[in-house]
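The values are calculated or read from the model by the stated rules, or taken from the named source; none is laboratory data. Everything numeric in this text was worked out from a predicted model, so none of it was measured. Every residue, glycine among them, receives a Cβ derived from its backbone with ideal geometry; neighbour counts consider all protein chains shown. Only protein heavy atoms, including side chains, enter the accessible area calculation; ligands, DNA and RNA are left aside. Shrake-Rupley method; radii C 1.70, N 1.55, O 1.52, S 1.80 Å.
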Amino acid sequence: MVDSHRRDLAALTEEIVACRLCPRLVEWREKVGLEKRAAYQDWDYWAKPVPSFGDPEAPLVLLGLAPAAHGGNRTGRVFTGDPSASFLTAAMHRAGLANQPNSDHRDDGLALTGAYVCAAVRCVPPGDRPTPEEQRTCLPYLVREFRALPNLKVILTLGHIAFRAALQTLSEMSSERVRGKFMHGEVYRFGPSLPMMVASYHPSPRNTNTGVLSMDALVKVLEQAKALSRSA
Ligand code: SF4
């Protein structure tokens, strides 16, 4: 059974990485990959949809918005190689979900324990803002991915867009519309057939440099989500 889930996830990952369904995002991810940031001129940018990362047996999923232009879109791993990734991984390390406090590149030795990280939209959007249509187009991948995670109990959403994407995904997975109002640290329960959700602000510099989200607050919500995922 475990092998069949792993095979489903591997096949899904292959399909996602080859996806070209959103013309605007395909053009943008490739343009960013060709033009590059000055500091990364030596990099061969990934410039494709960015697959999820972590422990497929995990009871806890962290859901972000989309890869960063010079983070995931460069390194090919979600939450890797940009300031949001550094902040999140340091917090995950403190919460006992990561073996190291840094997430720099695909071969940096990072391993997650009891956690799996994915994004609501798999390609970098211009201005970090996918259109509603792009979000809708990418959503079926999330539905399939959540269904393929055998032990999923809790989804920790990072930011408002990921929060809404998780609600839409759970609505697709059930016969009813799943609702909730975003509040950092809030827990959302939808009955025994669906995972719980926990909401957090996104660990972007916009939030972490302005005091909206401190390191201690992120560690606390990660610990809360971890405890819920293990007790559910
Ligand atoms: S955002 Fe999702 S649906 Fe759109 S091209 Fe990327 S992987 Fe495909």
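Give me the residue from the stretch 134-159 that is open to solvent by 40 Å² or more (accessible area, probe 1.4 Å) and touching a residue at least 40 places away in the same chain (Cβ under 8 Å) and, out of that set, nearest to the ligand (Cβ to nearest atom). Among those residues, the one meeting the criterion is 137.
Taking the criterion of being charged (D, E, K, R) and part of a helix (DSSP H, G or I), the only residue of the stretch 91-111 that qualifies is 94. The lone criterion from (1) open to solvent by 40 Å² or more (accessible area, probe 1.4 Å); (2) within 16 Å of residue 137 (Cα to Cα) left unmet by residue 25 is number (1). Only one of the numbered conditions (1) under 23 Å from residue 126 (Cα atoms); (2) more than 16 Å from the ligand (Cβ to nearest atom); (3) surrounded by 20 or more Cβ atoms within 10 Å (Cβ to Cβ) is violated by residue 44, and that is (3). Selection over the stretch 169-224 of residues that are at positive phi and in contact with a Lys or Arg (Cβ under 8 Å, 6 or more places away or on another chain) gives a count of 1.
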